[in-house]
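*Asks:* Next up is a structure, given as structure tokens.
The values are calculated or read from the model by the stated rules, or taken from the named source; none is laboratory data. Keep in mind that what you see is a predicted model, and the values were worked out from it rather than measured. As a convention, Cβ positions derive from the backbone with ideal geometry for all residues, glycine included, and neighbour counts pool all protein chains shown. The area values use the complete protein model at the heavy-atom level, side chains included, leaving out ligands, DNA and RNA. Shrake-Rupley method; radii C 1.70, N 1.55, O 1.52, S 1.80 Å.
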Amino acid sequence: MHAVGIVAAAGSGLRLGADLPKALVPLAGRPLVCWAVDTLLAGGVARVVVAVPASERAAFAAVLARDVVVVDGGATRTASVRAALAAMTDLGHPTPDAVLVHDAARPLTPPDVVARVLAALADGARAVVPVLPMADTVVVVDDAGVVTGAVPRAPLRRVQTPQGFDRATLVAAYAALDDGAEHTDDASVVRAVGVPVVTVAGAERAAKVTVVHDLEVAELQVGT
Ligand code: CTP
Ligand code: MG
């Protein structure tokens, strides 16, 4: 199976609050985006396309290997992935039969998560997400913050990336999206057109870096 990776790296990282785009923020001295690209390659992806903020192309190109394709992202993650998918037709032959979409903001994702996603695709799944169970009790509150109910936890899962797709399925699902439609991940885009999404085991180390605390935890995990 020939798989290409997309790294969504075009966000600004408002919640992290650094003075550069989140994907360029260093972890143990290396930009987050470099960690994400390396994970995909180590896990079995053949090539990688990275969607970056248009105004930061040069800064990203300077830190990424020459064979990584850099494209201008969009105003939303959905628009950024759409731009990277469009660039995939320019990658030459063979046209990939699988696409893995990954967040630059998940730098410590173990390559074995990538391998599990690829294996599920090879087994015939059209859409695959890595997931973890919920550890906390989950409740519903009213406008005053008073608990009004509990949500049964057993069937709940936290969804991570990389998410894997049959390429034609993902392209068709994005083509069916309304302009301006916004999804926080890609599996929800294919589910919107009725494609079943299967799950594989994710990893705690694949946690997303959103706020400063997450970056501090990541630094501890890499032992610096
Ligand atoms: N992303 C993207 N294009 C956008 C917005 C987000 O490619 N227009 C990417 C981010 O770079 C990130 C991933 O989607 O790797 C997950 O998004 P998130 O964690 O929300 O990152 P940011 O949008 O950068 O952060 P914030 O929401 O705090 O501004
Ligand atoms: Mg965001």
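*Asks:* Could you tell me how far the Cα centroid of the range 1-43 sits from the Cα centroid of the range 154-223, in Å?
*Replies:* So the two Cα centres are separated by 14 Å.
*Asks:* In percent, how large is the relative contact order of the range 63-183, given Cα pairs closer than 8 Å and 6 or more residues apart?
*Replies:* With pairs under 8 Å counted, the relative contact order is 31 percent.
*Asks:* Could you derive backbone 3J(HN,Hα) for the range 2-15 from the dihedral phi with the Karplus parameters 6.51, -1.76 and 1.60 (θ = phi - 60°), listing whole Hz in sequence and x where the residue is Gly or Pro?
*Replies:* The phi angles translate into 9, 10, 10, x, 10, 10, 7, 9, 9, x, 9, x, 4, 6 Hz.
*Asks:* In percent, what relative contact order does the range 1-86 have, based on Cα pairs under 8 Å that are 6 or more apart in sequence?
*Replies:* Details: 142 pairs, mean separation 29.0, N = 86.
The normalised contact order for the range 1-86 reaches 34 percent.
*Asks:* Can you tell me the accessible area per residue over the range 86-224, all protein chains present, probe 1.4 angstrom, in square angstrom? Present the calculation step by step, with values, prior to reporting the outcome.
*Replies:* Values: 7250 Å² over 139 residues.
On a per-residue basis, the range 86-224 sits at 52 Å².
*Asks:* Let me check against my output: what whole-number percent is the relative contact order of the chain, with C-alpha pairs under 8 Å and at least 6 apart? Please list the in-between numbers first.
*Replies:* Values: 450 pairs, mean separation 54.4, N = 224.
Across the chain, relative contact order equals 24 percent.
*Asks:* Round to a whole number: what % of the accessible area of the chain belongs to carbon and sulfur, probe 1.4 Å?
*Replies:* Details: 5990 of 10810 Å².
Looking at the chain in its full context, I get 55 percent from C and S.
*Asks:* Further question: Give me the extension gain from Thr137 to Asp112: residue separation times 0.36 nm, minus the current Cα-Cα distance, reported in nm with one decimal. Show your work: numbers first, answer last.
*Replies:* Numbers: separation 25, 0.36 × 25 = 9.00 nm, distance 2.86 nm.
6.1 nm is the gain from fully extending Thr137 to Asp112.
*Asks:* Apply the Karplus curve 6.51 cos²θ - 1.76 cosθ + 1.60, θ = phi - 60°, to the phi angles in the range 68-76 and return the couplings in whole Hz, x for Gly and Pro.
*Replies:* Ordered by residue, 3J(HN,Hα) equals 7, 7, 10, 10, 6, x, x, 6, 10 Hz.
*Asks:* Treat the chain as a sphere of radius equal to its Kirkwood radius over Cα pairs and apply Stokes-Einstein at 37 °C in a medium of 0.692 mPa s; give the translational diffusion coefficient in µm²/s, rounded to a whole number. Walk me through the numbers before you get to the answer.
*Replies:* Details: Rh = 18.0 Å.
Value of D from the Cα-based Kirkwood radius: 183 µm²/s.
*Asks:* Roughly how big is the range 95-170's charge dipole about its Cα centre, with Cβ charges of +1 (Lys, Arg) and -1 (Asp, Glu), in debye to the nearest 20? Could you put the intermediate results ahead of the total?
*Replies:* On the way: 7 positive and 8 negative charges, 31 e Å.
Roughly 140 debye, rounded to the nearest 20.
*Asks:* Something else now. Hey, what's the Cα Rg ratio for the range 84-182 versus the globular rule of thumb, 2.2 N^0.38 Å? Intermediate results must be reported in sequence, preceding the final value.
*Replies:* Working: Rg = 17.8 Å, N = 99, 2.2 N^0.38 = 12.6 Å.
Rounded to two decimals, the normalised Rg is 1.41.
*Asks:* In whole Hz, what ³J(HN,Hα) sequence does the range 172-187 give by Karplus (6.51, -1.76, 1.60; θ = phi - 60°), x for Gly and Pro?
*Replies:* 5, 5, 5, 5, 7, 6, 5, 4, x, 5, 10, 10, 7, 8, 9, 4
*Asks:* Please sort 109-118, 19-28, 172-181 by packing, taking for each peptide the average over its residues of neighbouring beta carbons within 10 angstrom, highest first.
*Replies:* Numbers: 109-118: 20.7, 19-28: 18.7, 172-181: 13.0.
The peptides rank, most packed first, as 109-118, 19-28, 172-181.
*Asks:* Further question on the same structure: In nanometres, what is the gap between the two model label sites at Thr148 and Asp19, each 7 Å from Cα along Cα-to-Cβ?
*Replies:* 4.5 nm
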